[in-house]
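Structure first, then comments.
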Amino acid sequence: MAEKLKIKLTIADRVYPLTIHPDQEEGLRKATKRIEDMIKQYEQNYAVRDKQDVLAMCALQFATQVEQRVIDKDSDELDLAKKLNDLNDLLQDNLS
């Protein structure tokens with residue numbers, strides 16, 4: 001088992017020291033970069049002075065993306081199940 005890695009991530013001008021598994025580092029750094037980019041975008045496009053408001057909007061945007069993926073996945077699974085049932089019915093009809 002790999003040893004833990006100590007890293008520091010900066011989000012909204014605050015440093016967060018973390019102890020992680022080495023295989024988590026890339027994902028955490030990419031996520032931090034996305035958050036920082038989103039913070040800059042909100043600060044440039046809106047007159048927001050409070051970092052907490054910006055972070056709340058970032059959290060809302062990320063949570064919305066996750067929930068939309070779940071909704072899309074459920075919809076895709078229903079579509080796939082219907083297509084499989086239709087295909088099964090077609091095969092049954094042709095084999096009878």
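Taking the inverse of the average 1/r across all pairs of different Cα atoms in the stretch 57-96, what Kirkwood radius in Å do you get?
12.2 Å
Nearest 10 degrees, 0 to 90: what angle lies between the long axis of helix 51-95 and the longest principal axis of the chain (Cα atoms)?
10 degrees
What residues qualify as long-range amide H neighbours of Leu9, i.e. H under 5 Å apart, gap of 5 or more or another chain, H built at 1.01 Å from N?
Tyr16, Leu18
Could you tally up the Lys pairs in the chain with alpha carbons closer than 23 Å? Skip any pair fewer than 8 positions apart unless they're on separate chains.
Count of close lysine pairs: 14.
Under a crude label model (7 Å from the Cα following the beta-carbon direction), how far is Asp37 from Gln68 in nanometres?
The answer from the label model is 1.5 nm.
Determine the shape class of the chain: with a ≥ b ≥ c the square roots of the Cα gyration tensor eigenvalues, call it rounded for a/c under 1.5, and otherwise prolate if a/b is greater than b/c, oblate otherwise.
It is oblate, given that a/c is not under 1.5 and a/b is not larger than b/c.
Residue-wise, which Karplus ³J(HN,Hα) couplings in Hz belong to the stretch 41-48, taking 6.51 cos²θ - 1.76 cosθ + 1.60, θ = phi - 60°, and x for glycine or proline?
4, 5, 5, 6, 8, 9, 7, 10
What GluC sites (Glu not before Pro) does the stretch 1-88 have in DSSP loop regions with at most 15 other beta carbons within 10 Å?
Here the sparse-neighbourhood loop sites are Glu3.
What's the longest bit of the chain with no exposed trypsin sites (Lys or Arg not before Pro), using DSSP loop states and at most 15 other Cβ atoms within 10 Å as the test? Numbers along the way, then the final one.
Working: sites that count: Lys4, Arg49.
Segment 50-96 is the longest.
Counting pairs of alpha carbon atoms under 8 Å apart in space and at least six apart in sequence, what relative contact order in percent does the chain give?
16 percent
Summarise the accessible area of the stretch 1-79 (1.4 Å probe, protein heavy atoms) by the percent that is carbon and sulfur.
Within the stretch 1-79, the accessible surface is 53 percent carbon and sulfur.
What net charge is computed for the residues neighbouring Leu18, neighbours being all others with C-beta under 10 Å from the C-beta of Leu18, Lys and Arg scored +1, Asp and Glu -1?
+2
Keeping every protein chain present and rolling a 1.4 Å probe, give me the accessible area per residue for the chain in Å².
Result: 85 Å² per residue.
With label points built 7 Å along Cα→Cβ from the Cα atoms of Asn45 and Leu90, find their separation and express it in nm.
4.3 nm
The values are calculated or read from the model by the stated rules, or taken from the named source; none is laboratory data. What you see is a predicted model; the values in this text were computed from it and never measured. Because the Cβ atoms are built from the backbone with ideal geometry, glycine has one as well, and the counts that use them run over all protein chains shown. Accessible surface is based on the protein model in full, side chains and every heavy atom, while ligands, DNA and RNA are left aside. Shrake-Rupley method; radii C 1.70, N 1.55, O 1.52, S 1.80 Å.
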